[in-house]
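Colleague: Okay, handing you the structure first.
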Amino acid sequence: MVKGVMAGVLGFMFSTVGHDTIESSARFTFNVTALKSGFDMLAVMVGLFAVGEIISAAQTSRQAGNEEVTQPSMKGVKGFGFSIKEFKGQLINALRSAAIGMGIGILPGIGGGTSNVLAYTVAKNYDKHPEEFGTGRIDGVVASETANNATIGGAMVPLLTLGIPGDTTTAMLLGALTLHGLTPGPLLFQNQADVVYGIFAAMLICSVIMLFMEFFGMRIFVKLLSIPKYILLPCVFVLCVIGAYALKNNMSQVIACLLFGAIGFAFKKFEIPTTPFILGFILGPLAEVNYRRGMIRTQGNFVPFLTSPISAVFLLIAVMVVVAYVFKSVRANRRAKA
């Protein structure tokens, strides 16, 4: 828990770099122009997960040129590669992860980057063998991918009902609808119902197309595992750098990507979880802005946060979660000693 809290606070700290959203004052920029807009979410994610993993994999490969590459075999694999028993065993996990993904998608501005990480963490906490996560366990794959897909549908809810985009993709869709003279909101369902149902039909058709692409392309995708690391890792690293540069067409994002890659490598080296860092980075600006708005409204009085029913309930839930986790850890330690 201590490492998780440290990682979350560090993520919150990096999210404060740039212009303040309330007073528009520069914070932690050190007179560097590139830091005035803060760190981009994609650069942070790519650096923390992809570049950090590349550095870690390169360090563990002693003789990359002569390493033995395991040739993946698809013999005996039928259908999608899992049995009916495994499918039934993952129903609860899938439904729980879908609910998390849809809830995160409905909240504007958070996106799928948070939902799959959060669903993965929840699945790991509820699993009887959490130490096996990170080794290709089906529970983790189902949790993260189900939440990621459910977020897309959830992000459409605020777009179509309120005209508020839930993520980058829905923001582009909002622009497309505006160009065609359509205003998302309650009246869209009354005046242009055919467009709304067309969007629903398109999402269903896309899901079916993705299913076929997965089924017929699985045997092609798995061949990537046969590529030696000394070839695969540099290619992935180049793609990461190109993706970071393409964000704003300058080298500042590449430097940020490499910085967070070093942080990700250090996290893995000292066994610090990366999930709290990402959650702190994503939710930090939202928490800060709404907290400061509340303090402005109450003229600096924190008591309404505790007396307001909605905020009091959520704070109580947060405290209960922390207490339950501490109680669970203490009980596990006592059992281990016994």
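The values are calculated or read from the model by the stated rules, or taken from the named source; none is laboratory data. As the structure is a prediction and not an experimental result, all values here were calculated from the model. Every residue, glycine as well, gets a Cβ built from its backbone with ideal geometry; the counts of neighbours run over all protein chains shown. Remember, those area values only see protein heavy atoms, side chains included, never the ligands or the DNA or RNA. Shrake-Rupley method; radii C 1.70, N 1.55, O 1.52, S 1.80 Å.
Colleague: Projected onto the charge dipole of segment 92-208 (+1 at Lys/Arg Cβ, -1 at Asp/Glu Cβ, origin at the Cα centre), which of N93, L162, N125 gives the Cα projection farthest towards the positive end?
Modeller: Final value for the positive-end residue is L162.
Colleague: If you don't mind, there's one more thing I want to ask. If amide hydrogens are placed 1.01 Å from N in the peptide plane, which non-local residues have theirs closer than 5 Å to the one on R27?
Modeller: G18, H19, D20
Colleague: Moving on. Once the convex hull of the alpha carbons of segment 265-322 is built, what does its volume come to per residue, in cubic angstrom?
Modeller: 107
Colleague: Could you give the distance between the Cα centres of segment 123-180 and segment 3-64, to the whole Å?
Modeller: 22
Colleague: So, one more: Could you work out how far apart the two model spin labels at T298 and S61 are, taking each label as a point 7 Å from the Cα in the direction of the beta carbon, and quote it in nm?
Modeller: A separation of 5.4 nm, rounded to one decimal place.
Colleague: Oh, and also: If you look at just the Cα atoms of segment 297-338, how large are its Rg and its Dmax in Å?
Modeller: Rg then Dmax for segment 297-338, in Å: 16.4, 53.
Colleague: In terms of the Cα gyration tensor, with a ≥ b ≥ c the square roots of its eigenvalues, is the chain rounded because a/c is under 1.5, prolate because a/b exceeds b/c, or oblate?
Modeller: Cα axes put the chain in the rounded bin.
Colleague: Let me ask something else about it. So how much slack lies between F270 and K337, counting 0.36 nm per residue of separation and subtracting their Cα-Cα distance, in nm?
Modeller: The span from F270 to K337 would gain 21.6 nm if fully extended.
Colleague: Only helices at least 18 Å long along their axis, Cα-based, and averaging -0.5 or more on Kyte-Doolittle count here, so list those DSSP H runs from the chain.
Modeller: Once both thresholds are applied, what remains is 2-15, 91-106, 112-126, 138-162, 193-221, 229-248, 251-269, 275-297, 309-337.
Colleague: Summarise the accessible area of the chain (1.4 Å probe, protein heavy atoms) by the percent that is carbon and sulfur.
Modeller: Accessible surface attributable to carbon and sulfur in the chain totals 69 percent.
Colleague: Let me ask you something else. Put +1 on the Cβ of every Lys and Arg and -1 on every Asp and Glu Cβ in segment 130-248; which of G243, Q190, L179 then has its Cα farthest towards the positive end of the dipole?
Modeller: G243
Colleague: Sorted by packing (mean other beta-carbon atoms within 10 Å per residue), highest first, where do 271-280, 329-338 land?
Modeller: So the peptides 271-280, 329-338, ranked by packing, come out 271-280, 329-338.
Colleague: Solvent-accessible area per residue for the chain at a 1.4 Å probe radius, Å²?
Modeller: With the other protein chains kept in place, the chain gives 65 Å² per residue.
Colleague: Would you calculate, for the chain, the mean residue ellipticity at 222 nm contributed by helices, counting each DSSP H stretch of 4 or more residues as -39,500 (n - 2.57) and dividing by all residues, to the nearest 500?
Modeller: -22500 deg cm²/dmol, from helical runs alone.
Colleague: Could you please report the charge total around A266, scoring K, R as +1 and D, E as -1 over all other residues with beta-carbon less than 14 angstrom from its beta-carbon?
Modeller: With Lys, Arg at +1 and Asp, Glu at -1, the net is +1.
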